[in-house]
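Here is the structure we will look at.
The values are calculated or read from the model by the stated rules, or taken from the named source; none is laboratory data. Everything numeric in this text was worked out from a predicted model, so none of it was measured. We work out accessible area using only protein heavy atoms, side chains counted, and drop any ligands, DNA or RNA first. Shrake-Rupley method; radii C 1.70, N 1.55, O 1.52, S 1.80 Å.
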Amino acid sequence: MTNLGKPPDFDAVVIGAGFAGLGMLRRLRDEDGMSVQVYETGDGVGGTWYWNRYPGARCDSESYVYCFSFSKELLQDWDWSGKYPEQPEILSYLNHVADRFDLRRNIQFNTRVTSARYLEDTSLWEVETDQGDRVTAQFLITGIGCISSGNVPDIKGLDSFQGEWYHTGSWPHEKVDFAGKRVAVIGTGSSGIQSIPVIAEQAAHLSVFQRTPQYTVPARHGTVDRKFIEEQIKPNYEAVLNKARWSAGGFPIDRDERSALEVTEAERMESFEAGWAEGGIRFLGTSFKDISMDRRANDTMSEFIRNKIREMVKDPETVEKLLPTDHPFGSKRPLIDTNYFDTYNRENVELIDIRHSPIQEITPKGIRTEDQEFEFDMIVFATGFDAMTGTYFKMDIRGRNGLSLKEKWSEGPKTYLGLQTVGFPNMFMITGPGSPSVLSNMPMSIEQHIDWIADFLQYMRRGEINSVEADENAETAWVAHVNEVAEPTMYMLADSWYLGANIPGKPRVFMPYVGGLGNYRRKCNEVADNGYEGFILDAGRR
Ligand code: NAP
């Protein structure tokens, strides 16, 4: 059957109703007059913040920059209560945005997109869902997040476990009661280090199963500094956000332009101590320029944190297990915690080193490692995600000649600017692999993509262009550039999810763009100014 001549059901189908999907819907519908259908698996908006309801969940970006910036009124009206936004409040914020801008009427909830197929004869996408929808749209836009497919490791015996078990990334909506329970947490990434101190306060006993010791920096979380917000942020919001937009990480902060190696030991310690006292992303973000690039500079900071761990944790054996020595600070996602290391001074908490004594199986009563057997009432998997590509592969996305995205990316994701991939015309990715995404303050990256994509679609309309596809050479050059900028950084020196190293069998490819959000924005603007160079624009057939 051909759709030739038949108009599509929608101008655009957007997948996901988190920050990306909500923002994309608003822009295309309300500013550009396009018809948009959003499909969302959950029964509400929020994306990451809908699913990650684990105890202690909050964002590491300071709240005043973790927001949409398209509406001056919204920026002025919304008041965050915490220095860092906590999960329930971010979810309230996104619900507020959905209501305030009347977004829900174009979102179909409880609906998972199962497949999307590019129809070459009409340059349209045909999208199918698990609810029986089959619709066509000129554009397919993914707002599916980078860290949205939970990874429960394939450990023998999980089915036999008689207690309760949870993954942090798909936490129940009802309160999970840890009182009086023996709890295991497996994993010490961002989700683990946030939830461990909170669970420890409630559970009878907590056992933390740690594979890789971590560096983590105190958040210094608290209530928001109202005076700072009212006097320094709100009157200057546009300038503050503009600074964030053009910065490397999407934050309005300045790094120290000195090398950690050119200052005296006393000056270095003074700087590290000041950063530690301030806490959060500022510890790394405002520090010396070469911490992420030069191993010797990095060693000074890594050792500073190890010394803090030695000071904070009382039991020398636990200290030894907690000291990260096999990778430099910042080579995995930097962690920001509240009372994480102090938690190991509690009587009801123990640390199990599974690097040296790996988990063998989950038993009906608990967990068996190589040299011990443990009994638990609950197991919490804080074991991360099949990041950046996992959610794409859950859908059957097929481009020209029936090529599936899974086949196309079988050796790792290949994109032009993280926005498009060759063979999949008219499909755009918001914060796709090859864009700064997870290495930046996400809403800043998301809004840059939303605006750039929407501007491109308007350009196409004006030029009566029906189909657009990244050029093979442009994609190859961008993939090479993404690798080239990652190569000299600390990021290459750890087994991280950035490299796909957490998923057995996943190709080891550095997925996000490490060149910085400001540089990336500049590049995207240049591409647009040069008539969208690197894209093949086609009047196509309709
Ligand atoms: P993660 O960073 O990938 O950490 C997963 C943890 O589970 C690691 O400690 C890992 O050990 C361990 N693990 C994985 N598979 C295992 C296995 N088979 N056996 C034993 N241990 C295993 O995942 P996450 O903590 O959920 O965080 C993912 C990302 O989400 C973060 O990096 C961040 O970007 C985002 N996030 C952000 C926030 C925030 O803003 N505060 C909060 C949560 C998540 P290894 O290190 O040895 O692999």
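Summary of computed values
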read-out: Heavy atoms of Arg295: accessible area, 1.4 Å probe, square angstrom to 10; value: 100 Å²
read-out: Hydrodynamic radius of the stretch 390-542 per Kirkwood, over alpha carbon pairs, in Å; value: 16.1 Å
read-out: D_trans [Stokes-Einstein, Kirkwood Rh over alpha-carbon pairs] for the stretch 84-133, 10 °C, 1.306 mPa s, µm² s⁻¹; value: 117 µm²/s
read-out: Using alpha carbons only: equivalent-ellipsoid semi-axes of the stretch 107-181, gyration tensor based, whole Å; value: 38, 15, 12
read-out: With DNA, RNA and ligands ignored, accessible area of Ile354 (1.4 Å probe; Å², nearest 10); value: 20 Å²
read-out: Between the stretch 200-250 and the stretch 396-438, the alpha-carbon center distance in angstrom; value: 32 Å
read-out: Accessible area of the chain belonging to carbon and sulfur atoms, whole % at 1.4 Å probe; value: 46 percent
read-out: Zero-based 20 Å bins, Cα pair distances in the chain, whole percents; value: 21, 55, 23, 1
read-out: The chain - share of DSSP beta bridges that are antiparallel (%, nearest 5); value: 40 percent
read-out: Mean accessible surface per residue for the stretch 180-256, computed with a 1.4 Å probe while every protein chain stays in place, in Å²; value: 41 Å²
read-out: Long pairs among Lys72/Lys234; Lys243/Lys414; Lys83/Lys289, criterion Cα-Cα beyond 19 Å; value: Lys243/Lys414; Lys83/Lys289
read-out: Enclosed volume per residue, in Å³, of the convex hull spanned by Cα atoms of the stretch 72-228; value: 220 Å³
read-out: Computed [θ] at 222 nm, deg cm²/dmol, the chain (DSSP H ≥ 4; -39,500 (n - 2.57); rounded to nearest 500); value: -8500 deg cm²/dmol
read-out: Cα pair distances in the stretch 308-397, grouped into 10 Å bins until the bin that holds the longest one, percent each; value: 12, 32, 35, 17, 4, 0
read-out: Accessible surface ranking that places the most exposed of His167, His173 first, with a 1.4 angstrom probe; value: His173, His167
